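Undergrad: Provided herewith is a single structure, encoded as structure tokens, for subsequent inquiry.
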Amino acid sequence: MEYNSKDIEKKWQNFWSEKQSFEPSDDLTKEKKYILSMFPYPSGRIHMGHVRNYCLGDAFARHFRKEKFNVLHPIGWDSFGMPAENAAIKHKLHPKKWTYENIGYMREELRSLGLSFSETREFATSDELYTKWEQEFIIKMHEAGIIYRKSAIVNWCPHDQTVLANEQLEEGCCWRCGTEVVQKEMPGYYVAITKYAQELLDDLQVLKNDWPSQVLTMQENWIGRSEGLEFKFELSVESKAKLERSFSKYFVFTTRPDTIYGVSYSALAPEHPIVKYIVENNLLPEKKIKAIKEMQKISERDRATQEKEGVSLEIDVMHPLTGEKIPVWVANFVLSSYGGGAVMAVPAHDQRDFEFAKKYDLPMKQVIVGSEGIIENLTEAYTAEGTLIDSEGFTGLPNTKAKKAIIYHFEQNSLGSKQINFKLRDWGVSRQRYWGAPIPFIHCDDCGLVAEKIENLPVALPEDVEITGEGNPLDTHPTWKHCSCPNCGKPALRETDTLDTFVQSSWYFLRYATNPKSWNEVGISKADSDYWMDVDQYIGGIEHAILHLLYARFFTKVLNDLGYTNSREPFKRLLTQGMVLKDGAKMSKSKGNVVDPDLIVEKYGADTARLFMLFAAPPTKELEWNDSAVDGAYRFIKKFFERATNVTSNGLANFKSINHSGLNKEEKEARKKVYEALVKSNEVFTKTYTFNTLIASSMEALNALQVQKNESVWAEGYYILTNILEPIIPHACWELSNSLFNLENFDGKLEVKEEVFKLESIILAVTVNGKKRCEIEVTPNASKEEILAQAKVAAAKWLGENELLKEIVVPNKLVNFVIKG
């Protein structure tokens, strides 16, 4: 049979589309599989990372579909976001037009790969119908206290007049215009993800067997639960006076209460209210004020990589236990978002505090010692376990016990209390840009912040805007933001901020699970969700291991609490695929090492691209692009196709009734290799994900078939191999299966025939003094004496007349003779 990839692929892609072959059944009594790859941003063209991601997902979907599962395998478009606005500026094109044109082009690119997506469940997150239901959730979340508005410090670009995420900063400057970013306090909307911090942490245990341990660790660290002591530092009398009695104390949180007697200074974040008050009222020399202002300009993330800097605030607090005066500094390593933006500093027992104290010649006091006792002239902080010294009544306690004892002392004397803190911060979702989902709230002078009425949703974007990159077009639009208050009817203003695009990708999987026939009536169908959720297999890049997955988990819990779904975790099993590299670097236009998927499909066909992507490396590992390996993948498919001529009508008539015991050695070996590939297939799709090993087993099976000439064994081999390779090279396999088996072998799970694995003989290596010399073939139940006798005959010329010191038989592996000399 001649292999013509273009004709075959076009034929079957048209067939699948016409027959709606990949639409899930409405029968919700069937056993289901929900297979989902992270959806793409419609940037204009697919790249090899997309190809790898979607080929992996498609392989799962096709495998389970053949096994008669009801399979949901959808695709959509994460279509809001900054790139569309940047393109609008560059190409003088409306973001909506640019986005939907890209969707059309990329849809055809994905179709050309033969991906088995549901066509009826496709949507873009910028569709007004998607926005409508998302805005309903936002309003319900606001009513439940999960979304709120507050002022906070943000990254502000003075030129573009917009807030920037930390990821949009390049060396402290705006990624779009290069203007130096400043820290500015602005009102915005926040999602109270911290209310779910403990549950998000606890439920990682539910996922521990089916998610990569690396991802679980990253999420655990991001949530960052810590237990410790919260207490107040009272300002000294002189310091209260200096601050004009506007402050009398501040609170700190520490995970190391056992070191409290070693405190030698306290440090505040540059954004701390006391620091801001000092700066605003010029309560320090001009040089110090200037230094603090410079610190305040830099984002917390950028400060983390800088050398430690600080300024003495020339005020003191009182140690809560000893009454000693402790100097207060402002330091760039203190985060305003954690523990109240203030720390007690113990340089002898904290490396960060140590480095700061060394730089500014601040005192150190060691209060925990090991067997070596007090260390004179510390060169680094002492962080090991030990015993307390110079700690009043707690002296002599092991520091692990002292933690609890000191917390208890604080609580008994109303000085402080045990607290649990999280590094996780509430999620700021406000963005000052046009191409995003409008936030459905209204500002009324009389009523305050008011939600839009549900029946008026969606609040849609106006299309008559010009994107210049300066400011938010919604804010300057002549009419759009002007409206009436839903409560009192008086003139009011719409919210002009739009939502962070992470919001759209935090619930899209629940929208897919809802039958499209009811999309106009509901955002999420609880009945459909009960059937399809949780996602059985989720596939995407490791770069989404923290934020996207965390937000999706959070949103699922919130929507559960609001009554939209009974699901509590969105994704049962997670596969994070590695990057596609070329010449050792990630493919990117800037590096000039991009391989265009369209060109590969044009030259070799989609099946070749798919086979290479799944064979070149295990899916969780990085994949190095290799032109010769792509050519090799094509040659294998061509050979697989052409060897099908060995499947004859006689073989087709008799292959289901093969008498295995009557076959010769080569025929039995061929059957064994074919069934080994079938067993491997079942393992790969349910346990290991190692598609490369499945493909290798299939190649071995084809080679074994070529060694024998039994027509029935050939027919059986192709019956099985076209089945197990269909998820990987579907076009070729559908063509072969259709012509040979009328697609019968795609209708249900294939049976593994154990008879093929029954050994009639085994091969044992024979070694002399550990060096392999020959092999022998014996029956599986041969005795040790029989094996040794046969091995001695086979190895006679190497044994010679030498004295035999040892005779060793390793069952099913080898015979070793140890001789003298």
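Undergrad: Of all residues being of a type in the set (D, E, K, R) and over 15 Å from residue 493 (Cα atoms) in the range 445-472, which is surrounded by the most Cβ atoms within 10 Å (Cβ to Cβ)? Just the residue, please.
TA: Among them, the one singled out is 470.
Undergrad: Hey, could you check the range 107-126 for residues that are in a helix (DSSP H, G or I) and acidic (Asp, Glu) and say which is surrounded by the most Cβ atoms within 10 Å (Cβ to Cβ)?
TA: 109
Undergrad: Let me ask something additional. Is the range 655-669 home to any residue that is in contact with a Gly (Cβ under 9 Å, 6 or more places away or on another chain) and either surrounded by fewer than 18 Cβ atoms within 10 Å (Cβ to Cβ) or part of a helix (DSSP H, G or I) (or both)?
TA: The answer is yes; a qualifying residue exists.
Undergrad: Can you tell me which condition residue 490 does not meet? The list is (1) at pLDDT 95 or above; (2) closer than 25 Å to residue 200 by Cα; (3) charged (D, E, K, R), and all the others hold.
TA: Among (1) at pLDDT 95 or above; (2) closer than 25 Å to residue 200 by Cα; (3) charged (D, E, K, R), residue 490 violates only (2).
Undergrad: Right, something else. Inspect all residues belonging to the range 581-592 and state whether any of them is in contact (Cβ under 8 Å) with a residue 60 or more places away in the chain, aliphatic (A, V, I, L, M), closer than 30 Å to residue 707 by Cβ and buried (at least 16 other Cβ atoms within 10 Å of the Cβ).
TA: So far as the range 581-592 goes, no, none of its residues is in contact (Cβ under 8 Å) with a residue 60 or more places away in the chain, aliphatic (A, V, I, L, M), closer than 30 Å to residue 707 by Cβ and buried (at least 16 other Cβ atoms within 10 Å of the Cβ).
Undergrad: For the range 128-152, how many residues are buried (at least 19 other Cβ atoms within 10 Å of the Cβ) and outside any helix (DSSP H, G or I)?
TA: Within the range 128-152, residues that are buried (at least 19 other Cβ atoms within 10 Å of the Cβ) and outside any helix (DSSP H, G or I) number 2.
Undergrad: Among the residues of the range 366-384, write down those that are more than 30 Å from residue 313 (Cβ to Cβ) and either surrounded by 15 or more Cβ atoms within 10 Å (Cβ to Cβ) or touching a Phe, Trp or Tyr at 6+ places or on another chain (Cβ under 6 Å) (or both).
TA: Across the range 366-384, the qualifying residue is only 369.
Undergrad: Assuming residue 782 fulfils every condition listed in (1) among the small types (Gly, Ala, Ser); (2) under 30 Å from residue 650 (Cβ atoms); (3) assigned to a loop (DSSP other than H, G, I, E, B) apart from one, which condition is it?
TA: Of everything listed in (1) among the small types (Gly, Ala, Ser); (2) under 30 Å from residue 650 (Cβ atoms); (3) assigned to a loop (DSSP other than H, G, I, E, B), residue 782 misses just condition (2).
Undergrad: Let me ask something else. Please give the number of the condition residue 606 fails out of (1) out of contact with any Asp or Glu (no Cβ under 8 Å at 6 or more places or on another chain); (2) closer than 16 Å to residue 54 by Cα; (3) of a type in the set (Gly, Ala, Ser); (4) crowded, with 20+ Cβ neighbours inside 10 Å.
TA: Only one criterion in (1) out of contact with any Asp or Glu (no Cβ under 8 Å at 6 or more places or on another chain); (2) closer than 16 Å to residue 54 by Cα; (3) of a type in the set (Gly, Ala, Ser); (4) crowded, with 20+ Cβ neighbours inside 10 Å is unmet by residue 606, namely (1).
Here is a yes/no grid of residues against (1) surrounded by fewer than 17 Cβ atoms within 10 Å (Cβ to Cβ); (2) more than 19 Å from the chain's Cα centre (by Cα):
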site	(1), (2)
508	no, no
514	no, yes
518	yes, yes
530	yes, yes
539	no, no
543	yes, no
552	no, no
556	no, no
559	no, yes
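Undergrad: Does residue 156 satisfy being outside the structural domain of residue 533 (by TED's automatic domain parsing), within 21 Å of residue 469 (Cβ to Cβ) and aromatic (Phe, Trp, Tyr)?
TA: Yes; evaluated as a whole, the condition is true for this residue.
Undergrad: Shifting gears a bit: So which of 58, 78 ends up being of a type in the set (D, E, K, R), within 20 Å of residue 545 (Cα to Cα) and in contact with a Ser or Thr (Cβ under 9 Å, 6 or more places away or on another chain)?
TA: 78
Undergrad: Return the total of residues in the range 68-110 being modelled with pLDDT of 95 or more and either polar (S, T, N, Q) or under 25 Å from the mean Cα position of the chain (by Cα) (or both).
TA: Selection size over the range 68-110: 18.
Undergrad: Determine, yes or no, whether residue 176 is basic (Lys, Arg), within 26 Å of residue 85 (Cα to Cα), in contact (Cβ under 8 Å) with a residue 40 or more places away in the chain and crowded, with 18+ Cβ neighbours inside 10 Å.
TA: Against the criterion (basic (Lys, Arg), within 26 Å of residue 85 (Cα to Cα), in contact (Cβ under 8 Å) with a residue 40 or more places away in the chain and crowded, with 18+ Cβ neighbours inside 10 Å), residue 176 qualifies.
Undergrad: Look through 320, 363, 327 and report the one residue that is closer than 23 Å to residue 250 by Cα, in contact with a Leu (Cβ under 6 Å, 6 or more places away or on another chain) and surrounded by fewer than 23 Cβ atoms within 10 Å (Cβ to Cβ).
TA: After ruling out the rest, the residue left standing is 320.
Undergrad: Assigned by TED's automatic domain parsing to the domain that holds residue 509, at pLDDT 95 or above and closer than 21 Å to residue 427 by Cα, is that true of residue 117?
TA: Spelling it out, it is not the case that residue 117 is assigned by TED's automatic domain parsing to the domain that holds residue 509, at pLDDT 95 or above and closer than 21 Å to residue 427 by Cα.
Undergrad: Would the range 621-638 turn up any residue that is touching a Gly at 6+ places or on another chain (Cβ under 7 Å), surrounded by fewer than 16 Cβ atoms within 10 Å (Cβ to Cβ) and on the phi < 0 side of the Ramachandran plot?
TA: Yes, the range 621-638 has at least one match.
Undergrad: Residues of the range 785-797 being part of a helix (DSSP H, G or I) and among the aliphatic types (A, V, I, L, M), which ones?
TA: If the condition is that a residue be part of a helix (DSSP H, G or I) and among the aliphatic types (A, V, I, L, M), then 787, 788, 789, 791, 793, 794, 796 are the ones that fit.
Undergrad: Which of the residues spanning the range 235-258 are touching a residue at least 24 places away in the same chain (Cβ under 8 Å), under 21 Å from residue 321 (Cβ atoms) and in a loop (DSSP other than H, G, I, E, B)?
TA: 236, 255, 256
Undergrad: Taking the range 1-51 as the region of interest, how many residues are of a type in the set (Phe, Trp, Tyr) and either surrounded by fewer than 18 Cβ atoms within 10 Å (Cβ to Cβ) or assigned to a helix (DSSP H, G or I) (or both)?
TA: Within the range 1-51, residues that are of a type in the set (Phe, Trp, Tyr) and either surrounded by fewer than 18 Cβ atoms within 10 Å (Cβ to Cβ) or assigned to a helix (DSSP H, G or I) (or both) number 3.
Undergrad: Is there a residue being free of Cβ contacts under 8 Å to residues at least 12 places away in the same chain, surrounded by fewer than 15 Cβ atoms within 10 Å (Cβ to Cβ) and either part of a loop (DSSP other than H, G, I, E, B) or not polar (S, T, N, Q) (or both) anywhere in the range 209-231?
TA: yes
Undergrad: Can you tell me which residue in the range 66-100 is surrounded by the fewest Cβ atoms within 10 Å (Cβ to Cβ), limited to those that are assigned to a loop (DSSP other than H, G, I, E, B) and either free of Cβ contacts under 8 Å to residues at least 24 places away in the same chain or among the β-branched types (Val, Ile, Thr) (or both)?
TA: 92
Undergrad: Looking at the range 798-814 only, could you name the residues that are in a loop (DSSP other than H, G, I, E, B) and touching a Lys or Arg at 6+ places or on another chain (Cβ under 7 Å)?
TA: 802, 803
Conditions tested, residue by residue: (1) touching an Asp or Glu at 6+ places or on another chain (Cβ under 7 Å); (2) more than 24 Å from residue 95 (Cα to Cα); (3) among the polar types (S, T, N, Q).
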| residue | (1), (2), (3) |
| --- | --- |
| 437 | yes, no, no |
| 450 | no, yes, no |
| 463 | no, no, no |
| 466 | no, no, no |
| 489 | no, yes, no |
| 495 | no, no, no |
| 502 | no, no, no |
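Undergrad: Quick one: how many residues across the range 386-428 are modelled with pLDDT under 95 and farther than 26 Å from residue 348 by Cα?
TA: Of the residues in that region, 5 qualify.
The values are calculated or read from the model by the stated rules, or taken from the named source; none is laboratory data. All values derive from a computational prediction rather than experimental measurement. Methodologically, a virtual Cβ is constructed for each residue, glycine included, from the backbone with ideal geometry; neighbour enumeration extends over all protein chains shown.
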